[in-house]
Amino acid sequence: MTQSEPSSVLPPAPLVLAIQNDPTDPPLLVGEWLAEDGIRIEVIRAFDGEAVPATVPAGVSGILALGGDMGAHDDHVAPWLVDERALLVDAVARGIPVLGLCLGGQLLAAANGGRVTLGPATEIGVVQVQRTVDGFLDPVISQAVPASGADIPAPQWHQDNIVDLPDGAVLLLTNEACPVQGFRLGDTAYGLQLHPEVDVETFASWAHMADAVLARSGRNGDDAASEMRAARHELIRAWRPMARSWGDLVWMRASDGADPFTLPA
C-alpha cells in the first residue's frame with residue numbers, strides 16, 4: 001500500500017458584506033481590488049429594501065459600508081441606517097474588519113460615539129489629503145501612494161464632516177478643509193471621508209445630476225469630472241494598495257475559522 005501525497009487544501013475565500021446605501025454607489029473599484037485577492041463580495045442593496053443585519057452574520061469576515069446622499073442620522077430618509085449603525089458597532093466590538101467610505105465612514109464614527117455635522121467646506125473632485133504620523137505607521141493607510149510629496153489625491157463628494165471622533169479612534173488622514181479624512185477604530189475598523197471606490201464613469205454621472213452638494217460647493221460638475229479623468233491613473237495607484245492591505249485583514253479574520261455564510265431571514 002503506497003502512501004498518498006498530502007493534498008493542499010486552500011482555505012475558503014473570505015466574504016465581505018457590502019452595504020449599498022445609494023443606487024449610484026456600488027463597490028466599484030474597491031470591489032474589483034478585493035476580488036483580485038480572492039475575496040468575495042455580497043452586496044446588500046439597502047436602498048432597494050434589502051434588509052441590513054444589525055449584527056455581523058456568521059461567515060462574514062469584513063464589512064464594507066458605502067456612500068450615499070443622506071446624512072449619517074437621516075433615519076427618516078433611510079430607515080435601514082438604524083441597523084447599519086448597529087452592525088458597525090457589532091463589527092468593531094468583535095474585531096471584524098470594517099471599511100467605511102464617505103457616508104460609510106461617517107456612519108462608523110456616528111455609531112460608535114463620534115459626531116457628524118454639515119461642515120463649512122464642501123469637497124468635490126480630486127482633493128489632496130495627507131497622512132498623520134499615525135497614518136504613516138498604520139498597516140493599511142501607510143500603503144496609500146502619494147502623487148507628489150506628502151499629498152495623496154483622493155476622489156471626494158461630500159458636505160458633511162466628522163467633527164468629533166469616537167473615543168479611542170486614531171486620526172490617519174487629514175487636510176486643512178476637512179481635518180478628519182481617515183481614521184481607525186480598534187485594530188481593524190477604518191473610516192474614510194473619501195471615495196476610493198468611484199471610477200471615472202460613475203463620478204461623471206454624479207456630476208450631471210442635480211445635487212445639493214454640488215450646488216453648495218459652487219463647483220462646475222464638468223470641471224470636477226475632468227479632474228477625475230486626468231487623475232485616473234494616480235487615483236488607482238494611490239488607493240489600490242490601501243484597499244488590498246485592508247483585504248489582508250479580511251483574510252486574517254477568515255483564517256480564524258468561520259461558519260458558512262448565512263444572512264438572517
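General remarks:
- Once segment 230-249 is narrowed to residues that are over 18 Å from ASP151 (Cα atoms) and among the charged types (D, E, K, R), the residue that is surrounded by the fewest Cβ atoms within 10 Å (Cβ to Cβ) is ASP248.
- Enumeration of residues in segment 189-202 that are buried (at least 23 other Cβ atoms within 10 Å of the Cβ) and either touching an Asp or Glu at 6+ places or on another chain (Cβ under 9 Å) or of a type in the set (S, T, N, Q) (or both): TYR190, GLN193, LEU194, HIS195, GLU197, VAL198
- On the stretch given as segment 21-44, residues that are within 13 Å of VAL250 (Cα to Cα), assigned to a strand (DSSP E or B) and in contact (Cβ under 8 Å) with a residue 40 or more places away in the chain total 0.
- Put simply, of PHE183, PHE203 the only residue that is free of Cβ contacts under 8 Å to residues at least 60 places away in the same chain, touching a Pro at 6+ places or on another chain (Cβ under 9 Å) and farther than 16 Å from PRO146 by Cα is PHE203.
- Residue check for ALA18: of a type in the set (Gly, Ala, Ser), within 17 Å of the chain's Cα centre (by Cα) and in a helix (DSSP H, G or I): no
- Evaluation of SER142 against the conditions (1) crowded, with 22+ Cβ neighbours inside 10 Å; (2) in a helix (DSSP H, G or I); (3) of a type in the set (Ser, Thr, Tyr) shows that the sole unmet condition is (1).
- Set VAL98, VAL126, VAL60: member being aliphatic (A, V, I, L, M), within 28 Å of ALA147 (Cβ to Cβ) and buried (at least 24 other Cβ atoms within 10 Å of the Cβ): VAL98
One line per residue, one yes/no per condition, for (1) out of contact with any strand residue (DSSP E or B) (no Cβ under 7 Å at 6 or more places or on another chain); (2) assigned to a helix (DSSP H, G or I):
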site: ALA86; (1), (2): yes, yes
site: ALA93; (1), (2): yes, yes
site: GLY100; (1), (2): no, no
site: GLY105; (1), (2): no, yes
site: ALA110; (1), (2): no, yes
site: VAL116; (1), (2): no, no
site: THR122; (1), (2): no, no
site: GLY125; (1), (2): no, no
site: VAL129; (1), (2): no, no
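Quick note: the coordinates plus some simple rules give every number you see, no bench work behind them. Treat the numbers as computed from the prediction; the structure is a model and nothing was measured. Positions of Cβ are backbone-derived with ideal geometry, glycine not excepted, and every protein chain shown enters the neighbour counts.
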